[in-house]
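Single-structure report; data block below.
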Amino acid sequence: MRTLKILLQKELRQILRDPAIIRILFIIPTIQLLVLPFAADYEIKNIDLGVVDHDHSAYSRKLVDKIVSSGYFRLKDYSASYQQGLDAIKKEKTDILLEIPPQFERSLVKEKEATLFIAANAINGVKAGLGSAYIQGIIHDYNQEVRMQWLQIPRFNSQPVIEVTSSDWYNPNMNYKVFMVPGILVMLVTMIGSTFAASNIVREKEIGTIEQINVSPIQKAQFILGKLIPFWLIALMVLTTGLIIARLVYGIVPVGHYLTIYAFASIYLLAVLGLGLLLSTYAQTQQQSMLVSFFITMIFNLMSGLYTPIESMPEWAKIIARLNPVSYFIEVMRLVMLKGSSLADIKYHIVAILGFAVFFNTWAVLNYRKRSG
Amino acid sequence: MQTEKVITAKNLSKKFGHFVAVDHISFEVNKGEIFGFLGANGAGKTTAMRMLCGLSMPSSGEATVAGFDVYKQTEQIKKNIGYMSQRFSLYEDLTIGENIRFYAGIYGLTDKQIREKSDSLLKELNMQEHKKTLVRELPLGWKQKLAFSIAIVHDPAIVFLDEPTGGVDPITRREFWNLIYEASSNGITVFVTTHYMDEAEYCHRVSIMVDGRIDALGAPASLKKDHAAKTMDEVFLQLARKAVRSE
């Protein structure tokens, strides 16, 4: 125990003595948490719309008005021909082109049927896909309205209309920030924790002090714990800073208990830091360990369900996501923050993450050798 | 001189692939002795020393340090030795006092012992006013002397020094050797590698390694006599010229 205390004292002194570390640890995540959630928004707005209206009728104008007044589109271009409309897309003036054929109104009235054409610039696939979907939704609505107008006697309505009304549980306003901020916070804590842990033991290798440790009677587990605990404390402090920002800036108050988050985070950090230390025992230079840790955390973050739901991934990717500690914490964060889950509700997550923690740390202790072969 | 042996090595060897870094070396070191381990760069001195300290696994042969086996009892060996590596090994971002506390602490000294030790150590090195100075800010000579004092802060039976005076000026080297003599007179056995031949003269006995083998072993005076040389320099040159291996 005393050896551990001496080790901890030394590590904390070294960390606190470096003013750059403290700045990096707290200021960078703060800025990221203030900037990223505004950018990481799934809702697409400001889609630039081009219209080619060959009809120039009351119905066609009404349709365009309806699309623009939805708030998602900005009417940027009004061309005379399809070719001109396409040019506007090529020049990146518009994202989506809506072509209204001649006699749109006539065929709509007479034949009760009309065709519209949508062309989308799919370089930004999300924008094109969602934009087209929005337009289709609006046209569908428009269609309903027109029908309602014509069918003065509703009981003759030959086509029954099924309308779906939905309510979004746990996040009634579908506020993306409530959804993204906890996830981004997990990502930041993970990156900071694992990168710092990964570079730490290697640093002792680089400056040569590891020899002095190896020739002393320090036990391997003591040494690893001595490295683990300081970063564990720091990562928890970063998490706290993040939760405070989430509350003050974004007004995100967890429905569940803060204690549940901390309880899970404590175990989670042991796993992530253990992974960092494991990399550290393999690497020979800080550069190596940083690059590998960067690579791994990038995959972890992208496959964590933060940006894209795990459920929509292919089977093989789902397996990888299950082997990814980050995905568990993001899920737990959202469960506790939005749904108010308790420790009992997340017991499987806890068991899984405990497994990761034991696995990575045991491996790190085993791979750290005081004597070379 | 007492005949209690604190280090024994018998046909100790270390191979890295086909390369034989240390080739069946055998020697004994007596308690309280200053044992010089000489050799050109790449002769295998550091490798041999690392095996004795439990940092490197021997390929074959036997050795004991402080009565413990280098294969199985490395952790007991580690409690009984001090080690100062070729590379400077104090924490530059800690103060002198903090370095002393750390190294004394990991060898299990109590707070009271650490206080007493650091007071006497700083006094001996004339660094009392610098207890709170960061090691990074010290001149190299000071750092080396400090590193040595810290290597023996837990009063080990043996201290291993790997080229401790590399890059240090002659005056500081002299002061450094005074520290070594003092440790030796306190009963600490000193095992030191060097390639400064004037330092070899300070040792009670020296061994000279050439290409991983020990080619000569004895007191400096008798080695000089055997090789009909006036200085250790000449002895060394006679032996080292036979070396096939270069850096």
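The values are calculated or read from the model by the stated rules, or taken from the named source; none is laboratory data. Please read these numbers as outputs of a predicted model, since none were measured by experiment. Don't worry about glycine lacking a Cβ; one is built from the backbone with ideal geometry, like all the others, and counts go over all protein chains shown. Note: areas computed on protein heavy atoms with side chains; ligands, DNA, RNA excluded. Shrake-Rupley method; radii C 1.70, N 1.55, O 1.52, S 1.80 Å.
Worth pointing out:
- For region A:317-358 and region B:54-130, distance of Cα centres in Å: 44
- Portion, in percent, of the accessible area of the protein assembly as shown that falls on carbon or sulfur, probe 1.4 Å: 59
- Helix-only [θ]222 nm of chain A, DSSP H runs n ≥ 4, -39500 (n - 2.57) each, per residue, nearest 500: -21500 deg cm²/dmol
- Region B:5-240: Rg to Rh, with Rh as the Kirkwood radius over Cα pairs: 0.97
- Residue by residue along B:82-94, Cβ atoms of other protein chains within 10 Å of the local Cβ number 5 on average.
- The stretch between A:Glu113 and A:Ala39 holds 22.6 nm of extra length on full extension. This uses 0.36 nm per residue minus the Cα-Cα distance.
- Under the Karplus curve 6.51 cos²θ - 1.76 cosθ + 1.60, θ = phi - 60°, whole-Hz ³J(HN,Hα) for region A:211-226, x wherever Gly or Pro sits: 4, 5, 5, 5, 8, 9, x, 4, 7, 4, 5, 4, 4, 5, 4, x
- Near the amide H of B:Arg213, within less than 5 Å, lie the amide hydrogens of B:Asp23, all on another chain or at least 5 residues away, with H placed in the peptide plane.
- The relative contact order of region A:1-158, computed from alpha carbon pairs under 8 Å that lie at least 6 residues apart in sequence, is 20 percent.
- Most mobile listed residue (A:Phe356, A:Phe117, A:Phe231) in chain A, GNM with C-alpha springs under 10 Å: A:Phe117
- Only DSSP H runs of four or more residues enter the estimate; each adds -39500 (n - 2.57), and after division by the residues of chain B the mean residue ellipticity at 222 nm equals -10500 deg cm²/dmol.
- Comparing each chain alone with all protein chains together (probe 1.4 Å, DNA, RNA and ligands left out), the residues of region A:1-32 losing at least 50 Å² of accessible area are A:Arg2, A:Ile6, A:Lys10, A:Arg13, A:Gln14, A:Arg17.
- Between A:Arg371 and any residue 5 or more places off or on another chain, the built amide H atoms are never under 5 Å apart.
- Computed from backbone phi with θ = phi - 60° and the Karplus coefficients 6.51, -1.76 and 1.60, the 3J(HN,Hα) list for region B:191-205 is 10, 10, 9, 7, 10, 8, 6, 5, 5, 4, 5, 6, 7, 5, 9 Hz; x is used for glycine and proline.
- Helix A:325-334 vs. chain A, principal-axis angle (Cα, 0 to 90°, nearest 10): 60
- Beta bridges per DSSP, both residues in region B:5-240: antiparallel share near 50 percent.
- Set of lysines with alpha-carbon distance to A:Lys339 below 27 Å, sequence-local pairs under 8 removed: A:Lys177, A:Lys318, A:Lys347
- C-alpha center-to-center spacing [region A:61-114, region B:171-192] in angstrom: 92
- Dipole orientation for the protein assembly as shown: of the candidates B:Gly187, A:Gln9, A:Ser57, B:Gly187 has the Cα lying most toward the positive pole (charges on Cβ; Lys, Arg +1; Asp, Glu -1).
- Bridging of B:Lys225 to lysines at a Cα separation below 21 Å is possible for B:Lys242, once same-chain residues fewer than 8 apart are set aside.
- Chains B and A, summed buried accessible surface - 1.4 Å probe, Å², nearest 100: 2900
- The count of lysine pairs in region A:47-156 whose Cα atoms are under 22 Å apart, excluding pairs fewer than 8 places apart on the same chain, comes to 14.
- For the protein assembly as shown, the solvent-accessible area works out to 48 Å² per residue, with a probe of 1.4 Å and every protein chain left in place.
- DSSP bridge analysis restricted to chain A gives an antiparallel fraction near 25%, rounded to the nearest 5.
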